[in-house]
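Some notes on the structure that comes next.
The values are calculated or read from the model by the stated rules, or taken from the named source; none is laboratory data. The shown structure was predicted, so the numbers you read here are calculated from the model rather than taken from an experiment. Counting neighbours? That spans all protein chains shown, and the Cβs are built from the backbone with ideal geometry, glycine included. These accessible areas exclude ligands, DNA and RNA; they are computed on the full protein's heavy atoms, side chains included. Shrake-Rupley method; radii C 1.70, N 1.55, O 1.52, S 1.80 Å.
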Amino acid sequence: MEERIGEHGPLSVFADMLGTTVNDGKVIVLAEKGSGYFKGIMLDNFAGLLFFNYHLNDSLIYQQQHQDEEVPERLEKYPYLLFQFRGCLADDALSINQRAVQISTMSINMEEDVISGKDRADLFITINSNHLVQKIPNYNESPLLKSILFNERPLFFERSISKQIQSLITEIKECNVPSCFLPYFLSTKVDELICRLLISLTERSEQTTYPIHPNDLKKIYFVRDTILSNLHVPPVIRNLAKEACMSETKLKRLFKQVFGDSIFHYYEIRRIQKAAELLKVETRTVSDVGYTLGFTNLSHFSRIFERVIGMKPKAYCKLHH
């Protein structure tokens, strides 16, 4: 694993930045720097796992050392896909809706994202795309899957972490098996985890993929963050495109490719998920939450809530109070 992300390996880089050392594949954060750990595991030659579970008093800022290496040369050396499971190692206080997995080809340089930050509860998995091609010989049946496994263009996708995916991650984290079974257990669970994620991507309605430049990716996440910061106001695509310095057509196309959903439907789902989160607070009423999130018609709020959550907001309140 250390040969494949960063010239000196992420564990060594992380340890150097914190003024400590790597011991048995693990870096313990010194008490004066924060708390937690950073751990790496290599599975044969096809996959590597990085566990980021720490709080630091000061943010780490990774400075990339070699930016002149051509993408084709890097892909020939490291034909890996990167799966970033954000927030998956956190305790139950973190809502399942706040956890997400990001999937990227290695033609998108993610080194700065791997070794940066102040608070992390993430699992990163790199997996050899050639290994997946051998495991999934019928990849041609899905244009999207073929684009990912060929790993030739900069592609990036995000989806929420389901309870099923979270359960697999917990099994990988805890590894409650005899030591002699550990490599086999981890290899099996990682294969299952990646398989389920790839299946979910192939079920998306839009199978055509477009290369995405890192700068455009930043703009897409700027738009996403703008939407999430203003859930009480329906998004206006014309305004979002102007703020992102991007055409409306390109914005809608790339947003749907990354998140698997249209801008408005993404907004609607997140608005109702936020409503469900607020309704768990005993002091909040259905009308209070509805008006807070910009609904002027509470009957309309109730219908959308039931469609997304599966029950009416009043029944949801009773269930959680």
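Descriptive notes on the structure:
- If you go through the range 206-215 and keep only what is out of contact with any strand residue (DSSP E or B) (no Cβ under 8 Å at 6 or more places or on another chain) and either in contact (Cβ under 8 Å) with a residue 12 or more places away in the chain or hydrophobic (A, V, I, L, M, F, W, C) (or both), you end up with Glu206, Gln207, Thr208, Thr209, Tyr210, Pro211, His213, Pro214.
- Condition broken by Arg74, with the remaining ones in (1) at pLDDT below 90; (2) over 17 Å from the mean Cα position of the chain (by Cα); (3) open to solvent by 50 Å² or more (accessible area, probe 1.4 Å) satisfied: (3)
- For Leu228: the one exception among (1) open to solvent by less than 30 Å² (accessible area, probe 1.4 Å); (2) hydrophobic (A, V, I, L, M, F, W, C); (3) touching a residue at least 40 places away in the same chain (Cβ under 8 Å); (4) more than 30 Å from Ser142 (Cα to Cα): (1)
- Any hit, the range 244-258, residues being in contact (Cβ under 8 Å) with a residue 12 or more places away in the chain, open to solvent by 80 Å² or more (accessible area, probe 1.4 Å), at positive phi and not aliphatic (A, V, I, L, M): yes
- For the criterion of being at pLDDT 95 or above, closer than 21 Å to Asn151 by Cβ and surrounded by fewer than 17 Cβ atoms within 10 Å (Cβ to Cβ), Arg196 passes.
- Every residue from the range 200-220 that is assigned to a helix (DSSP H, G or I) and open to solvent by 80 Å² or more (accessible area, probe 1.4 Å): Asn215, Lys218
- Once the range 151-161 is narrowed to residues that are at pLDDT 90 or above and open to solvent by 10 Å² or more (accessible area, probe 1.4 Å), the residue that is farthest from Ala100 (Cα to Cα) is Pro154.
- Residues of the range 230-269 satisfying the condition of being among the acidic types (Asp, Glu) and either over 21 Å from Ile161 (Cβ atoms) or assigned to a helix (DSSP H, G or I) (or both): Glu243, Glu248, Glu268
- One residue from Ser107, Ser116, Ser95, Ser142 being over 12 Å from the mean Cα position of the chain (by Cα) and modelled with pLDDT of 90 or more: Ser142
- Members of the range 125-147 found to be among the polar types (S, T, N, Q) and part of a loop (DSSP other than H, G, I, E, B), listed by number: Asn138, Ser142
- Residue check, Lys189 surrounded by 13 or more Cβ atoms within 10 Å (Cβ to Cβ), out of contact with any strand residue (DSSP E or B) (no Cβ under 9 Å at 6 or more places or on another chain) and modelled with pLDDT of 90 or more: yes
- Lone qualifier among Ile172, Ile227 - being under 20 Å from the mean Cα position of the chain (by Cα), within 30 Å of Asp288 (Cβ to Cβ) and either aliphatic (A, V, I, L, M) or not in a loop (DSSP other than H, G, I, E, B) (or both): Ile227
- Scan of the range 41-71 for residues that are of a type in the set (D, E, K, R) and either in contact with a strand residue (DSSP E or B) (Cβ under 6 Å, 6 or more places away or on another chain) or at pLDDT 60 or above (or both), ordered by number: Asp44, Asp58
- Within the set Leu201, Leu240, the sole residue that is in contact with a Gly (Cβ under 8 Å, 6 or more places away or on another chain) and not polar (S, T, N, Q) turns out to be Leu201.
- Of everything in the range 307-321 that is open to solvent by less than 80 Å² (accessible area, probe 1.4 Å) and free of Cβ contacts under 8 Å to residues at least 40 places away in the same chain, the residue that is nearest to the chain's Cα centre (by Cα) is Ile309.
- When restricted to residues that are open to solvent by 20 Å² or more (accessible area, probe 1.4 Å) and either in contact (Cβ under 8 Å) with a residue 12 or more places away in the chain or of a type in the set (Val, Ile, Thr) (or both), the range 272-306 contains 15.
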